[in-house]
Amino acid sequence: MSDIILKTEGLTKHYGGVQALEGANFELRKGEHVAIMGDNGAGKSTFVRQITGVEIPSRGKILFLGKEVIFQSPLEAREAGIEAVFQNLALADDLDVPSNLFLGREKIRFNLGPFSILDRKGMRDATRKALEKTAVKIPNLNSTIRHMSGGQRQCVAIARTATFPSKLIIMDEPTAALGVAETAQVENIIRTIKQNGEPLILISHNMRQVFDLVDRIVVFRRGRIAANLKKSETSGEEVVAYITGAKTDPSLSDAA
Amino acid sequence: MAKSEAGVGGLKYDARRRAWPNELNILLALILIVAAFEILGRLLLGESFLLNTREGVPGLFNEQRLQIIILQVSIVGIIAIGVTQVIITGGIDLSSGSIVGATAMIAMSFAQVALVNGNPNPKAIFMAEGWVDLPVIVPVLVGLGCGLVAGLINGSLIAYTGIPPFIATLGMMVAARGLARWWSKGNPISFPTESYAAIGQGMNPVFIFVALAILFQLILTYTKYGKHCYAIGSNEEAARITGIKVENHKVLVYVIAGILASVAAIVLSSKNLTAQAGMGVMYELDAIAMAVIGGISLAGGRGSIIGTVLGALIFGVIISGFTFLKLDAYYQEMVKGAIIVGAVVLDQWRQRRRSMRA
């Protein structure tokens, strides 16, 4: 059982009276790429926010690399090795590319506490290298993110996760706002991640993309995990049936 | 031929079409305003606004007027340096004028002399305790401490209770003014020691303003603190997700703003040789106006200290210009108001155009 990267037991999140996530039992193995699918409001993003430390779960356990963890902040999750690309991208529009790539973990030349001097050249060089690795095209590193296309912004966000060594990468709808070519580029990055043997959780609405890229599909419905399907043993129709609730898995709906 | 260097990923990038820095626009505005006063002066009064026209006095410029312009904005300018940082993080500070009042009163009461013309100082607050003729470091540290505490309260309220900065600093604005009045039951505090009085004499306020402006321009550009100011103002949620300790940072920003307000208070009370409870009234709005004129976006995330310094100069030029044209002070206030609104309208317009291009 030592090859389990992430495991959640009965993970639950309430917002006031709203049960956004209810008793999620989830597992991710070494090198595995898993897609999370589900309708809007099914609990996908809520689930991701719990395991990335953006929010603290109401109940339940998270085991990361075999140890129980309670992330108090996204920084703690990140320091533990969970890198996430969020739906809203978490980019600062008024900053340039290197500043965004290193946001919250800037390279430092002299340590003076909060007034530490930044290593601007080091960050620019590392950014150039990271973007070349991901084949991302950004004309000018010094221009602010605000001036960039949706695809370029997305690529900066993804390059950010690829720049730092991580044990788990999470992407929340990385191609939702992208054109065809940009989507292909992001999918290539995901394939590279797969080849490197790094595990990944992908939230997506795109059935073709999911069947192209991942090993396993977990379907969320009304805040619960409704299905856990191996790609090789399922079909698009079956996944859609679980998403819409036309089909239910008796072994998973015990708590319903 | 357009000279273009290859950007990352091989896309062509024309270095000449790099974004035009906003500060240049503001410098241009400053020059235009000076030119307008120069022309109006020659037409209406037959005098030059900034050029030296007096016989037998060397120099190209009217140095006296230049000195007045920069001297009269330097004290509020010191406050504006702090306010700029607050606005860049997406906040606002309405309390700085009142912090000036409270700090001036408290610091001054530790800077008093024992004897005035051989008689015991009639205004001494702490005569009974013997806290007179103290070394200058005491009132200075007490003053800076006042600003620090006020900023700490502002920042903690904003960061940890989640109330809007407008409300938290409005509360501080009223409370600190009350403290300033209560401190000596409304009486002015005068007769500072010579060393305290020396702080704000001559062009010292200008030197202090310029030194602080350079220091914080460098800090905003080259340090983690500066980067995080822009990040929080630009996208607070993103800053939090990427692990920036947003709450601690906000407290630090308001503490710095408070300390800068207290620096202004020390310089002002030293320059005037007295402290009054009404000191610094409306300074917070003048400081915000300087920042806004200087291109600091009230939406947060954009602006620089250079912009604020230029904004302060525009402010000073307008006030001097009106005096020079012998216009009533009432007109100054009205035009000042119009300029502040105009600057914000311009900022809104710039933002809309920017989001259309993006």
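The values are calculated or read from the model by the stated rules, or taken from the named source; none is laboratory data. From a predicted model like this one, the values you see are computed outputs, not experimental measurements. Glycine gets a Cβ as well: all are built from the backbone with ideal geometry, and neighbour counts include every protein chain shown.
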**Request:** Go through the stretch B:305-358 and count every residue that is exposed (fewer than 14 other Cβ atoms within 10 Å of the Cβ) and among the charged types (D, E, K, R).
**Result:** 6
**Item:** Members of the stretch B:180-222 found to be more than 19 Å from the chain's Cα centre (by Cα), polar (S, T, N, Q) and part of a helix (DSSP H, G or I), listed by number
**Value:** B:195
**Request:** May I ask you to verify whether residue A:145 is at the interface with chain B (Cβ under 7 Å from one of its Cβ atoms) and touching a helix residue (DSSP H, G or I) at 6+ places or on another chain (Cβ under 7 Å)?
**Result:** no
**Complete:** Checked B:204, B:187, B:154 against criteria (surrounded by fewer than 17 Cβ atoms within 10 Å (Cβ to Cβ), in contact (Cβ under 8 Å) with a residue 12 or more places away in the chain and either in contact with a helix residue (DSSP H, G or I) (Cβ under 8 Å, 6 or more places away or on another chain) or charged (D, E, K, R) (or both)); the one match is B:204
**Complete:** Selection from the stretch B:110-145 of residues under 31 Å from the mean Cα position of the chain (by Cα), outside any loop (DSSP other than H, G, I, E, B) and either at pLDDT below 90 or more than 30 Å from residue B:167 (Cβ to Cβ) (or both) yields B:112, B:137, B:138, B:139, B:140, B:141
**Prompt:** Out of the stretch B:23-62, which residues are under 30 Å from residue B:292 (Cβ atoms) and among the β-branched types (Val, Ile, Thr)?
**Reply:** B:26, B:31, B:33, B:34, B:39
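Restricting the search to the stretch B:276-298, which residues are within 14 Å of another protein chain (Cβ to nearest Cβ) and either assigned to a helix (DSSP H, G or I) or of a type in the set (Val, Ile, Thr) (or both)?
The first filter runs over the stretch B:276-298 and keeps only residues within 14 Å of another protein chain (Cβ to nearest Cβ), leaving B:295-298.
Of everything in the stretch B:276-298, just one residue is within 14 Å of another protein chain (Cβ to nearest Cβ) and either assigned to a helix (DSSP H, G or I) or of a type in the set (Val, Ile, Thr) (or both), namely B:296.
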**Message:** I need the full set of residues from the stretch B:157-170 which are buried (at least 16 other Cβ atoms within 10 Å of the Cβ) and out of contact with any Leu (no Cβ under 6 Å at 6 or more places or on another chain), in order please.
**Reply:** B:157, B:158, B:159, B:165
**Prompt:** Can you name the residue in the stretch A:125-134 that is at pLDDT below 85 and facing chain B (nearest Cβ under 9 Å) and is also farthest from residue A:177 (Cα to Cα) among such residues?
**Reply:** A:132
**Message:** For the stretch A:51-124, give me every one of the strands (runs of 3 or more DSSP E) that falls completely inside it and has 3 or more residues that are modelled with pLDDT of 90 or more and either out of contact with any helix residue (DSSP H, G or I) (no Cβ under 7 Å at 6 or more places or on another chain) or not small (Gly, Ala, Ser) (or both).
**Reply:** A:59-64
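Return a yes/no flag: does the stretch B:252-266 have any residue that is modelled with pLDDT of 95 or more, of a type outside the set (A, V, I, L, M, F, W, C) and under 16 Å from residue B:165 (Cβ atoms).
Residues of the stretch B:252-266 modelled with pLDDT of 95 or more: B:252-266.
Checking the rest, the ones that are also of a type outside the set (A, V, I, L, M, F, W, C) come to B:254, B:258, B:262.
Adding the requirement that they be under 16 Å from residue B:165 (Cβ atoms) leaves B:254, B:258.
Checked against the condition, which is being modelled with pLDDT of 95 or more, of a type outside the set (A, V, I, L, M, F, W, C) and under 16 Å from residue B:165 (Cβ atoms), the stretch B:252-266 yields at least one hit.
One residue is enough: does the stretch A:155-167 have a residue meeting the conditions in contact with a Ser or Thr (Cβ under 6 Å, 6 or more places away or on another chain), away from every other protein chain (no Cβ under 13 Å) and assigned to a helix (DSSP H, G or I)? Walk me through it before giving the result.
First pass over the stretch A:155-167, keeping only residues in contact with a Ser or Thr (Cβ under 6 Å, 6 or more places away or on another chain): A:159, A:162.
From what is left, the residues that are away from every other protein chain (no Cβ under 13 Å) are A:162.
From what is left, the residues that are assigned to a helix (DSSP H, G or I) are A:162.
Taking every residue of the stretch A:155-167 in turn, at least one turns out to be in contact with a Ser or Thr (Cβ under 6 Å, 6 or more places away or on another chain), away from every other protein chain (no Cβ under 13 Å) and assigned to a helix (DSSP H, G or I).
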**Prompt:** Looking at this structure, is residue A:73 free of Cβ contacts under 8 Å to residues at least 40 places away in the same chain and either within 30 Å of residue A:237 (Cβ to Cβ) or not acidic (Asp, Glu) (or both)?
**Reply:** yes
**Residue among B:220, B:252, B:215 that is within 14 Å of chain A (Cβ to nearest Cβ) and touching a strand residue (DSSP E or B) at 6+ places or on another chain (Cβ under 9 Å)** = B:252
**Message:** Among the residues of the stretch B:223-232, what is the count of those that are within 7 Å of another protein chain (Cβ to nearest Cβ) and more than 11 Å from residue A:91 (Cα to Cα)?
**Reply:** 5
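Quick one: is residue B:301 within 14 Å of chain A (Cβ to nearest Cβ), crowded, with 21+ Cβ neighbours inside 10 Å and farther than 20 Å from residue B:153 by Cβ?
On the way: within 14 Å of chain A (Cβ to nearest Cβ): yes; crowded, with 21+ Cβ neighbours inside 10 Å: yes; farther than 20 Å from residue B:153 by Cβ: yes.
Against the criterion (within 14 Å of chain A (Cβ to nearest Cβ), crowded, with 21+ Cβ neighbours inside 10 Å and farther than 20 Å from residue B:153 by Cβ), residue B:301 qualifies.
For residue A:45, indicate whether it is within 11 Å of another protein chain (Cβ to nearest Cβ), part of a helix (DSSP H, G or I) and either under 12 Å from the mean Cα position of the chain (by Cα) or buried (at least 19 other Cβ atoms within 10 Å of the Cβ) (or both).
Values: within 11 Å of another protein chain (Cβ to nearest Cβ): no; part of a helix (DSSP H, G or I): yes; either under 12 Å from the mean Cα position of the chain (by Cα) or buried (at least 19 other Cβ atoms within 10 Å of the Cβ) (or both): yes.
No, not satisfied.
Looking only at the stretch A:125-151, how many residues end up being in a loop (DSSP other than H, G, I, E, B), hydroxyl-bearing (Ser, Thr, Tyr) and in contact (Cβ under 8 Å) with a residue 40 or more places away in the chain?
2
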**Request:** Residues that are within 16 Å of the chain's Cα centre (by Cα) and surrounded by 19 or more Cβ atoms within 10 Å (Cβ to Cβ): find the strands (runs of 3 or more DSSP E) completely inside the stretch A:175-232 holding 1 or more of those.
**Result:** A:200-203, A:216-221
**Whichever residue in the stretch A:61-108 is more than 7 Å from every other protein chain (Cβ to nearest Cβ) and acidic (Asp, Glu) and, among such residues, is surrounded by the fewest Cβ atoms within 10 Å (Cβ to Cβ)** = A:68
**Message:** Please count how many residues of the stretch B:223-245 are surrounded by fewer than 18 Cβ atoms within 10 Å (Cβ to Cβ) and assigned to a helix (DSSP H, G or I).
**Reply:** 1
